[in-house]
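Each remark here refers to the structure printed beneath this line.
The values are calculated or read from the model by the stated rules, or taken from the named source; none is laboratory data. All figures in this text were calculated on a predicted structure; none of them were measured in a lab. All Cβ positions, even for glycine, are placed from backbone atoms using ideal geometry, and neighbour counts span all protein chains on display. The protein model used for the area step is the full one, side chains on, heavy atoms only, and it has no ligands, DNA or RNA in it. Shrake-Rupley method; radii C 1.70, N 1.55, O 1.52, S 1.80 Å.
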Amino acid sequence: MLPLLTASQIREADAYTIAHEPVASIDLMERASKAFVGWFVNHFPDQKQAISVYCGTGNNGGDGLAIARMLDDHQYKKLNVKIARFSDNATVDFNINLKRLQQTGIPISEIGKGETLQVDDNEVIIDALVGSGLNKPLTGDYRRLVNYINDLKRIVVAVDVPTGLFTDGEVPTDAVVLKAELVITFQAPKINFLLPESGPYIKCWEAVNIGIDEKFVQSLNSPYQAVEEKDIRKMLKPRQRFSNKGTYGHALIIAGRPETMGAALLSASACAYAGSGLTTACVPQTGLIALNSYMPEIMAIIRNGSEPHAISWDNFNSIAIGPGLGQDADALALLTDVLINCKKPVVIDADALNLLSAHKELWSEIPGNSILTPHMKEFDRLFGEHENWWRRMQTGIQKAKEYQLYILLKNDYTLVITPQGKIFFNITSNPAMASGGMGDVLTGIIASLLAQRYSPQEACIVAAYIHGKAGDELALPNRMNVALPSQVAARLPFTIAKLMA
C-alpha cells in the first residue's frame with residue numbers, strides 16, 4: 001500500500017530524509033524539481049511554447065525557480081519567471097535557487113503588494129506559488145493573483161499542489177484555488193486529491209518519486225492508504241488443479257423486484273464472472289425467465305411475496321442483499337430474516353441500506369465484519385448529512401469502529417473503511433463507468449470473493465480494484481464514453497487473469 005500523508009507528516013518525512021539519508025535540503029529540492037521536469041517535458045515537448053513560472057517565496061517557489069532553470073537546460077527558451085513578493089520573508093532554499101536562476105538570463109520580474117497585475121499572454125503557466133504548507137484560505141494579494149490567473153484560462157501545471165488547495169482536512173466552500181490542468185505531485189497524491197472537493201481544481205495528477213525515505217513513511221502508520229496493483233497481485237488467489245466448484249464457494253444474491261430485475265441480473269452475473277463456484281439468486285417468481293435467459297449458470301430461489309422464505313442460510317458461504325430489492329414490508333421482513341439468521345458477514349447494498357437507515361433497530365443484528373456499500377446519498381441517509389467529504393470520511397471511521405463492520409463508500413476513488421480505522425483508496429475506474437447498475441456489479445464481486453474465502457477486508461479492496469480495472473480496460477484503450485455494467489461484469493475474468501499473470 002502507498003501511505004498518504006497529511007501536511008504535517010509530509011514535513012516530518014522530508015526532515016527525516018534530509019537528516020538520515022543524509023541530503024541537503026537544497027539537494028532534495030533539486031531532486032524534486034528534476035522529477036517534475038522529467039514528467040513535464042514528456043507532456044509538453046514543444047520547446048517553443050511560451051511558459052510563465054509563478055513563484056512564491058517559500059520552498060514551493062524555490063521548486064519553481066529550479067524548474068525554470070532546468071527547463072532552460074532542456075532548451076525551453078520562451079520562459080519567464082514571476083515572483084510574488086508579498087512579504088519580506090523567503091526561505092533559504094528559495095534564495096539559493098534565485099541566485100542560481102539569475103545566472104541563466106531567464107527574465108525575472110517581481111509582483112509586489114497591491115501592484116497592478118501585468119498582462120500575461122503565455123500559453124502555459126507553472127504554478128509554484130504556495131505548496132503543501134498552506135493552513136488557511138488565501139487572502140489579499142495571493143487571492144487576487146489566483147483569481148487573475150484563473151481568469152486567463154491558460155493551461156496550468158501545478159508544482160506538488162495547486163495554490164490554495166489544502167492537502168488534507170476540510171476544503172472551505174468559498175476557497176479560492178488555482179485551477180490546474182495537471183498537478184505533478186511529489187512522492188504520493190495528497191489525500192484531498194482523492195476527494196470530490198478537488199474536482200473543480202484538478203483535471204489530472206501524476207505522482208513522481210523524489211526519494212523520500214520509504215521505511216520512515218511506513219513507520220508513520222498513516223490511516224490513509226492508496227491501493228497499488230502490486231497489492232492486488234499479492235491478494236489474488238490463483239485457481240489450483242484438482243479443485244472444483246465447491247472449492248470456490250456458494251454465494252447467494254438476494255435482489256430484484258419485477259420492475260428492477262436488472263439489478264439482480266447484474267449483481268448475480270458479476271458474482272459468477274468474479275469466480276464464485278456456485279451462484280444463487282433469490283428473485284421474485286416473475287423474474288425467473290429473465291434470470292434463466294440472461295445467465296443459465298445462475299441457480300434460483302423463488303420469492304413469492306409475503307410467503308415465508310425457506311432458505312437454509314448455512315448452505316451459503318456469502319450473502320449479499322439489496323440491489324433492486326425495494327423497501328416494502330416484504331423486503332424489510334427478508335432483510336430482518338437475513339440479519340437475524342446469518343452468522344457470516346453480509347454484503348448490504350442499495351435498498352437494504354435504505355431499510356437500515358429507516359429501521360435503526362436492525363443495526364444491532366448486523367453480523368460482525370459485514371460490508372456496507374453506500375454511495376454518498378445512501379451514506380448520508382445512514383449517518384446524517386455531511387457538508388463535505390472530509391467529514392464524511394471521519395464519520396465513516398467512527399461508524400466502522402462502532403459497529404465493527406466495513407464501509408465501502410463509492411466515489412471516483414472508492415474508499416474502503418475498516419473497523420481498525422484505516423481507509424484504503426482505490427485508484428482504478430473512470431467516468432465512463434458512471435452508469436446505473438455499476439454498483440450492483442460491485443456488490444456481486446464482493447459476494448463472490450467472500451464466497452471464495454477472501455477476508456472481508458481483502459474482498460472489499462480487491463473487488464473495488466478489479467471492478468475499476470475492468471472498466472479501465474474497456475473504456476480507456478477504446479476511448480469509450482460509456483462502459484455499461486454488463487460489459488464490466490463480462491470483462492472480469494480477463495482482468496483477473498491479467499493481474500495473476
- Message: Can you tell me, using C-alpha contacts under 8 Å and at least 6 residues apart, the relative contact order of the range 131-207 as a whole percent?
- Response: 31
- Message: Could you work out how much longer the chain between residue 376 and residue 24 gets when fully extended? Use 0.36 nm per residue separation minus the Cα distance between them, nm to one decimal.
- Response: 122.2 nm
- Message: Taking the Cα centroid of the range 182-251 and of the range 78-101, what is the distance between the two, rounded to the nearest whole Å?
- Response: 36
- Relative contact order in percent for the chain (Cα pairs under 8 Å, 6+ apart) equals 13
- Among the aspartates and glutamates, select those whose C-alpha is under 15 Å from the C-alpha of residue 230, and discard any that sit fewer than 8 residues away in the same chain. 458
- Query: Between residue 476 and residue 173, what length comes free when the chain is fully extended (0.36 nm per residue of separation minus the Cα-Cα distance, one decimal in nm)?
  - Reply: 105.9 nm
- Using heavy-atom solvent-accessible surface (probe 1.4 Å) with all chains present, what is the largest-first order of 16, 248? 16, 248
- Helix axis angle, 7-20 relative to the chain longest principal axis, alpha carbon, degrees: 60
- Report Rg/Rh for the chain, rounded to two decimals, where Rg is the Cα radius of gyration and Rh the Kirkwood radius. 1.05
- Item | Qualifying GluC sites (Glu not before Pro) for the range 200-289 [loop in DSSP, other Cβ within 10 Å: at most 13] | 228
- Among 48/203; 410/469; 190/469, which pairs are too far apart, with a Cα-Cα distance over 19 Å? 48/203; 190/469
- Cα to Cα, under 12 Å, and not fewer than 8 places away if on the same chain: which aspartates and glutamates meet these conditions relative to residue 82? 110, 120, 127
- Could you pull the accessible area for residue 386 with a 1.4 Å probe, rounded to 10 Å²? 30
- Antiparallel DSSP beta bridges within the chain, percent to nearest 5: 15
- Item | FRET efficiency, residue 116 to residue 89 (Cβ-Cβ, R0 30 Å, nearest 0.05) | 0.85
- Tensor-based shape of the range 332-377 (alpha-carbon gyration tensor, a/c under 1.5 rounded, otherwise prolate or oblate): oblate
- Query: With every protein chain left in place, what is the accessible area of residue 220 in Å² (1.4 Å probe, nearest 10)?
  - Reply: 40
- With every protein chain kept in place and a 1.4 Å probe, the residues 239, 154, 392, 479 fall, from largest accessible area down, as 479, 239, 154, 392
- Message: Between residue 430 and residue 11, what is 0.36 nm times their sequence separation minus the Cα-Cα distance? Round to one decimal in nm.
- Response: 147.7 nm
- Message: Once you place label points 7 Å from the Cα toward the Cβ at residue 243 and residue 139, how far apart are they in nm?
- Response: 6.1
- Item | Structure-based [θ]222 nm, the chain - -39500 (n - 2.57) summed over DSSP H runs of at least 4, per residue, nearest 500 | -13000 deg cm²/dmol
- Note on the structure: Classified through the alpha carbon gyration tensor (a ≥ b ≥ c as square roots of its eigenvalues; rounded if a/c is under 1.5, else prolate when a/b is larger than b/c, else oblate), the range 74-128 comes out oblate
- Query: Which number do you get for Rg(Cα) / (2.2 N^0.38 Å) in the range 103-200?
  - Reply: 1.10
- Item | Separation between Cα centres of the range 103-120 and the range 353-405, rounded to whole Å | 52
- Message: Let me check I've understood the local charge: for residue 483, count other residues with C-beta under 13 angstrom from its C-beta, Lys and Arg +1, Asp and Glu -1. What total comes out?
- Response: +1
- Rounded to the nearest 10 degrees, the helix 456-478 long axis (Cα) sits at an angle to the longest Cα principal axis of the chain of 70
- Where labels lie 7 Å past Cα in the beta-carbon direction, separation of residue 39 and residue 500 in nm: 3.4
- P(r) tail for the range 174-234, what percent of Cα pairs lie past 17 Å? 52
- Query: Among the trypsin sites (Lys or Arg not before Pro) within the range 1-51, which fall in a DSSP loop and have no more than 12 other Cβ atoms within 10 Å of their own Cβ?
  - Reply: 48
- Item | Total formal charge among the other residues, if their Cβ is under 15 angstrom from that of residue 85, Lys/Arg +1 and Asp/Glu -1 | -1
- Query: Can you list the aspartates and glutamates whose alpha carbon sits under 12 Å from that of residue 113, skipping same-chain ones fewer than 8 residues off?
  - Reply: 88, 141
- Between the helical axis of 92-102 and the dominant principal axis of the chain, each derived from Cα atoms, what acute angle in degrees is found, rounded to the nearest 10? 60
- Theoretical FRET efficiency, 1/(1+(r/R0)^6), r = Cβ-Cβ of residue 361 and residue 385, R0 22 Å, to 0.05: 0.50
- Roughly what would the spin-label model give for residue 300 and residue 49, points 7 Å off Cα along C-beta, in nm? 5.7
